[in-house]
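FYI, it's all coordinate maths here, none of it is from the lab. Just so it is clear, the structure is predicted and the values come from calculations on it, not from any experiment. Using ideal geometry, Cβ is built from the backbone for each residue, glycine included, and neighbour counts are taken over all protein chains shown.
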Amino acid sequence: MKLYKNLLVDFEEMSLGYSAMGIIASSCLGSVAAMLILMNGHSFLDMFQLFIVVVACMGFNTVILAQFKSKVVFNALLLSLAISTTFILINIF
């Protein structure tokens, strides 16, 4: 919890720069996850996984464009990165 609070304080101090880097990171990880999901096939389960990844990444972009508070943006970034990483790990093996 201490790490989370330290990262949040740092994010709040430089939110504009971290938001820009977050968009790049979220989009890149989301696109890798989407590529791996589509490489596995086009079944309903694959399309549902793709839907979850796209919603997470687009949700983060929406939170930034809507200019929510820094804590909400930071939490959305963590959620987007976690979802993309999870689906990358699921589909890579």
Under the Karplus relation with 6.51, -1.76 and 1.60 and θ = phi - 60°, whole-Hz ³J(HN,Hα) for the range 73-90, x at Gly and Pro, equal 5, 5, 5, 5, 5, 4, 5, 4, 5, 5, 5, 4, 5, 4, 6, 5, 5, 5
Tilt of helix 15-40 relative to the longest C-alpha principal axis of the chain, in degrees (0 to 90, nearest 10)? 10
Quick one: order Y4, Y18 by neighbouring beta-carbon count within 10 Å, fewest to most. Y4, Y18
Suppose we take every Cα in the chain and form the convex hull; what volume per residue is that in Å³? 88
Whichever aspartates and glutamates have a C-alpha closer than 19 Å to that of K71, once near sequence neighbours (fewer than 8 apart) are set aside: D10, E12, E13
Return M35, M58 ranked ascending by Cβ neighbour count within 10 Å, so the fewest neighbours appear first. M35, M58
For the chain, find the longest principal axis of its Cα atoms and tell me its angle to the long axis of helix 44-65, 0 to 90°, nearest 10. 20
In percent, how large is the relative contact order of the chain, given Cα pairs closer than 8 Å and 6 or more residues apart? 39
Of Q67, G30, N6, which is farthest along the charge dipole of the chain in the positive direction, counting Lys and Arg as +1 and Asp and Glu as -1 at C-beta? N6
Provide T86, T62 in ascending order of the number of other Cβ atoms located within 10 Å of each residue's Cβ, fewest first. T62, T86
Against the longest alpha carbon principal axis of the chain, how many degrees, from 0 to 90 and to the nearest 10, is the axis of helix 2-13 turned? 70
Placing +1 at every Lys and Arg Cβ and -1 at every Asp and Glu Cβ, with all other atoms neutral, what dipole size does the chain have around its Cα centre, in debye to the nearest 20? 180
